[in-house]
Amino acid sequence: MAISGLDIYKHLPKTNCRECGFPTCLAFAMQLAKRAVALDKCPYILAEAKNILESASLPPIRLVSIGEGENILELGNETVMFRHEEKFFHPTGIGFLIEDNLQENELIERIKKINNLKFERVGQEIKVNLIAIRQTGSADNFIKIVNKVASLTNLAICLISQDTKALKTYLQNYKEKRPLIYALTKDNFDNNSLVVLGANSVIVVLAKSIAELPDLTVRANNAGLSDLLLATEETSLTKKIFELTQFRRLALKKNFRPFSFPTIVIVEEDELFKEVNRVVSYIAKYASVVILKSIEPEIILPILTLRQNIYTDPQRPLQVEPKIYPVGQVNKDSPVLITTNFSLTYYTVLSEVEASKTPCFIVSVDTEGMSVLTAWAAEKFNSEKIVEALKKNNLEERITHKRLIIPGYVAVMSGDLEEKSGYQIIVGPRESAGIPSFLKNLSR
C-alpha cells in the first residue's frame, strides 16, 4: 500500500531547514511519496521515524524470483486486489508434481511432456514454469531423481523435502538455479538446517492455518530469510480461497508485513474436474504458484489461456501492429480482407485464412485493440479509419484490383466506404468461421 505525502510529513522533523534541497518539509514529503528523492536527504530525521518510513515504502508484496535465465519465474510485487484497478503484473507460476519413486523411463517421458507444454496464442507464447519433486524415499534416491530432472529441463525447480542432506547436495550442485524449498514449518524451524539452506534459495513457510503463519514469517525474517512463499495445509476449496484472499488483502490494504510475500498451493485431487476447478480458482484468487498433477495438453492449454487473460492489462487490450499482412503466396490479384488490430480478432481471421489455403492480404486497422463491433460502436473502425489505413500502407501499390472485403457485422458502412475509398466493397461473413467457404466461393 503506497504511503501518501501527508503520512510521510507526519514523521518528518518539520523544521523547513531546506538542507534537503526543498523549501519545506511538506514539499520534501511529496517528492518522497513519488519516490523522486531518497529519505537520506533529510539530515534531521530520527532513527525511529526513518525505520517507519523505510518499512512503509517497501512493496506490499515482495518480488521473489525462482530459477534462472529465460525461464526465471518472478512472483509477487502485486499492487491491487482487482485487475480493473490497475493490472496484475506477475502471472501465477504453473508447476507439476513429480515423486521420486518413478521409474527412469516414466520420469523421462513425464519431463518431456512437461517441457513441451508451450503454446502460441494471440501472438504470445504461453508456457508452464516449474517442476516440483517430492521426496518419498531415501536421500540418495531423491538426489538421483532431482539430478536427472535438472539435466532434462530448464524450468524452475521446487524441492519438496525436509532432508537436509538431500537439499544441501542439490544446492551445492545447482545453486545458480535458485530453487524453491518446500517447506519450513513450526516443527522443523528450531533445528536450524532449513533456515541455513534457505539463505541461498527461496523457501516456503508452511503452517497448519493462516493464524499460525505470522509468527513463522517473522521468525524467518529475523533469521535472515527474506525470500519467502506462504502456504497453509490442504483444506477445502472455499477455505483455501478465503485464506489466499486474506493474504492479499492484509498485505495490500493493511500493510501487514508478515503476509507481504507470494503464495503457493499444491493441488492433489484424483478427480480431474475437481483438480482443474481448484487450479483455475486459485489462479483467479490469488495464488502466486499452483502445482498440479495433470500434464495433458488439452488440460493445460485452457489453464494457461485463463492465466493469460487474467494477467493482461484490462486498459490495454492485446494488439498486433496495424499494417498489411500477406498470408500465403500472395500476388497482385489476391483478395484483401479488412479487420481490426485486436489480437484475438486478427489471429482468428488469420487462422481461417490459412485454413482456406487462399493467399490473401489482411489489412489490420488501428482500432486501439478493440474488436470489430466494439471499435465500430466507438467510431474507431469506420470509413475514415479504413481509408487512412489503406493510404498509410500503400495498398494500391500491392494489388491491381479494386475490391475490399469487410466483416459482415459492419455491412452498414459498405456504401460510405465505397464512396470514400474508391474500392468496390464486398461484405464478408459475420463470423470468421465462414471465411474459408466465402473465399472458395469468391474465387469461383
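The values are calculated or read from the model by the stated rules, or taken from the named source; none is laboratory data. From a predicted model like this one, the values you see are computed outputs, not experimental measurements. Please note: Cβ atoms are built from the backbone with ideal geometry, for glycine as well, and neighbour counts cover all protein chains shown. Note: accessible area is taken over every heavy atom of the protein model, side chains too, but ligands, DNA and RNA are not part of it. Shrake-Rupley method; radii C 1.70, N 1.55, O 1.52, S 1.80 Å.
How much length is gained on full extension from residue 109 to residue 416, taking 0.36 nm per residue of separation minus their Cα-Cα distance? Display every interim value, and only then the final one.
On the way: separation 307, 0.36 × 307 = 110.52 nm, distance 5.92 nm.
This chain segment gains 104.6 nm when fully extended.
How much accessible area does residue 437 have with a 1.4 Å probe, in Å² rounded to the nearest 10?
70
Mind pulling the angle between the C-alpha long axis of helix 47-56 and the longest principal axis of the chain? Nearest 10 degrees, somewhere in 0 to 90.
The two axes meet at around 40 degrees.
Note down the net charge around residue 180, summing +1 for each Lys or Arg and -1 for each Asp or Glu among other residues with Cβ under 15 Å from its Cβ. Present the calculation step by step, with values, prior to reporting the outcome.
Numbers: positive: 62, 134, 175, 177, 178; negative: 68, 74, 176, 227.
Around residue 180, the charge tally is +1.
When the accessible area of the chain is computed with all protein chains present and a 1.4 Å probe, what percentage of it is carbon and sulfur? Could you put the intermediate results ahead of the total?
On the way: 10780 of 21680 Å².
Result for the chain: 50 percent of the exposed heavy-atom area is carbon or sulfur.
Rounded to the nearest 500, what is the 222 nm mean residue ellipticity of the chain from helices alone, with -39500 (n - 2.57) per DSSP H run of 4+ residues and division by all residues?
Values: 16 runs with 169 residues, N = 444.
Taking each H run of at least 4 residues, the total per residue is -11500 deg cm²/dmol.
Hey, what's the chain come to in accessible area per residue, 1.4 Å probe, Å²? Don't jump to the answer; show the numbers that get you there.
Details: 21680 Å² over 444 residues.
Dividing the accessible area of the chain by its residue count gives 49 Å².
Express in whole angstrom the spacing between the alpha-carbon centres of the range 160-180 and the range 300-379.
Answer, in whole Å: 45.
Please give the peptides 208-217, 85-94 ranked by average Cβ packing (other Cβ atoms within 10 Å per residue), highest first, as a rough proxy for protection. Kindly include the intermediate steps, with their values, before the conclusion.
On the way: 208-217: 15.5, 85-94: 18.9.
Per-residue mean Cβ counts within 10 Å order the peptides as 85-94, 208-217.
I'd like to know which of 297, 383, 24 lies farthest towards the positive end of the charge dipole of the chain, counting +1 on Cβ of Lys and Arg and -1 on Cβ of Asp and Glu.
Value: 24.
Gap in Å between the Cα centre of the range 417-436 and the Cα centre of the range 69-99?
41
Using the Cα centre as the reference, give the magnitude of the dipole from point charges on the C-beta atoms of the range 286-444 (Lys, Arg: +1; Asp, Glu: -1; all else neutral), rounded to the nearest 20 debye. Show your work: numbers first, answer last.
Details: 17 positive and 18 negative charges, 59 e Å.
My answer is approximately 280 debye.
What's the angle, to the nearest 10 degrees (0 to 90), between helix 383-392's Cα axis and the longest principal axis of the chain?
Around 90 degrees separate the two axes.
Considering the values (i) 23.2; (ii) 25.6; (iii) 24.8, which represents Kirkwood radius over Cα pairs in Å as calculated for the structure under consideration?
Checked against the structure: label (ii).
Total Lys pairs in the range 343-444 closer than 24 Å by alpha-carbon, pairs eight or more apart in sequence or interchain only?
So the count works out to 14.
Rank-order 102-115, 301-314 by packing density, defined as the average count of other C-beta atoms within 10 Å over each peptide's residues, highest first. Mind dumping the intermediate values first?
Details: 102-115: 14.4, 301-314: 16.1.
In descending order of packing, they fall as 301-314, 102-115.
Among 40-46, 241-247, 289-295, how do they line up by average Cβ neighbours within 10 Å per residue, starting with the highest?
Values: 40-46: 14.3, 241-247: 18.0, 289-295: 21.7.
The densest-packed peptide leads the list: 289-295, 241-247, 40-46.
Among 203, 272, 166, pick out the residue whose Cα is farthest towards the positive end of the charge dipole of the chain, where Lys and Arg carry +1 and Asp and Glu carry -1 on C-beta, about the Cα centre.
The residue sitting farthest along the positive end of the dipole is 203.
Give, rounded to the nearest 20 debye, the magnitude of the charge dipole that the range 49-150 has about its Cα centre when Lys and Arg contribute +1 at Cβ and Asp and Glu contribute -1 at Cβ. Please list the in-between numbers first.
Working: 13 positive and 15 negative charges, 23 e Å.
Computed about the Cα centre, the dipole is about 100 debye.
Rounded to the nearest 10 degrees, what's the angle between the helix 139-152 long axis and the longest principal axis of the chain, both from Cα atoms, 0 to 90?
Helix 139-152 and the main axis of the chain meet at about 30 degrees.
Over 30 Å between Cα atoms: which of 127/332; 175/293; 165/253; 118/168 fall into that group?
In this structure, 127/332; 165/253; 118/168 exceed 30 Å between Cα atoms.
Rounded to the nearest 10 Å², what accessible area does residue 391 have for a 1.4 Å probe in the complete protein model?
About 140 Å², rounded to the nearest 10.
Using only the heavy atoms of the protein chains and a 1.4 Å probe, how would 22, 28, 273 rank by accessible area, largest first?
Working: 22 50, 28 5, 273 145 Å².
Order by accessible area, largest first: 273, 22, 28.
Which aspartates and glutamates have a Cα lying under 18 Å from the Cα of residue 113, excluding residues fewer than 8 positions away in the same chain?
Straight-distance partners of residue 113: 99, 100, 104, 125, 296, 298.
Nearest-5 percent of antiparallel DSSP beta bridges in the chain?
25
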